[in-house]
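In what follows, a single structure is set out as structure tokens and then discussed.
Throughout, read-outs are computed from the coordinates displayed, never taken from laboratory work. What you see is a predicted model; the values in this text were computed from it and never measured. FYI the Cβ positions are ideal-geometry reconstructions off the backbone, even for glycines, and counts take in every protein chain you see.
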Amino acid sequence: MRATVLTLLTVIGLLVLNAGPAAAGGPTSVLLTMPENQRAAALYHSDSAYTRLDGALSGGATASPQESNSYITATWLIHDVDVWRTDRIYLTPSGPVIETRTTRGTEQGIWDVPATWHTSSSPKELMALFASLGLTSGSSTARIAEAAAQPPAAPTPVEPVADVKWEWGIGGLIAGALLTVGAVLVRPRLRGLPQLSRPRPAPPLP
């Protein structure tokens, strides 16, 4: 009997050690909300979009936005009830800016821990994911953020202006000089010519 109990406890221990993060008490789901549109969506940890969202929300450090913007809140849950992380994604004209709070490594409440500000590592993919979940449809602010997330357009190539042959320029200067000299030489001769007298009017008829 004792051997059976020990065997059962060993099997249970192995199952717990080999369990995934959700079964062992890790994160299970994330809730996404956008107050501006009054829309919400949820993802479970087994969904590929869950992993893409987590990856897109990491990025380099940045400052908090200067103005108030529309935002989407991602609330990360353990066993679907306990909040262990929040991401508030502000949709700014320059792209998503994220405020993150996490209770990992601390016993403080989620709103007692300091926030960190950072950008998105994949802003284009992040905005596409929000759109696919129906969170940003109809939001003008989201459209601005989506445009900011797009890669800059390639500059329009400027066609080079055709080179003007230098021989033509010199030829034009010579022609202009000859015309000027000719006008100077001809003008005195014209002044020396006698002016033609105007014909006298005919006498009136009797």
Which length gain, in nm to one decimal place, applies between A49 and S64 when the Cα-Cα distance is subtracted from 0.36 nm times their residue separation? 2.8 nm
Of D112, D54, how do they rank once you tally other Cβ atoms within 10 Å and put the fewest first? D112, D54
Hypothetical label at L31: residues of the range 39-58 whose amide nitrogen lies under 12 Å (7 Å Cα-Cβ projection): 40-43
Amide H partners (placed H, <5 Å) of T92, local residues excluded: V97
Counting sequence-distant residues (5 or more places) and residues on other chains, those with an amide H built under 5 Å from that of T62 are W117, H118, T119
Shape descriptors of the range 20-149 over alpha-carbon atoms, Rg and Dmax in angstrom, are 14.2, 42
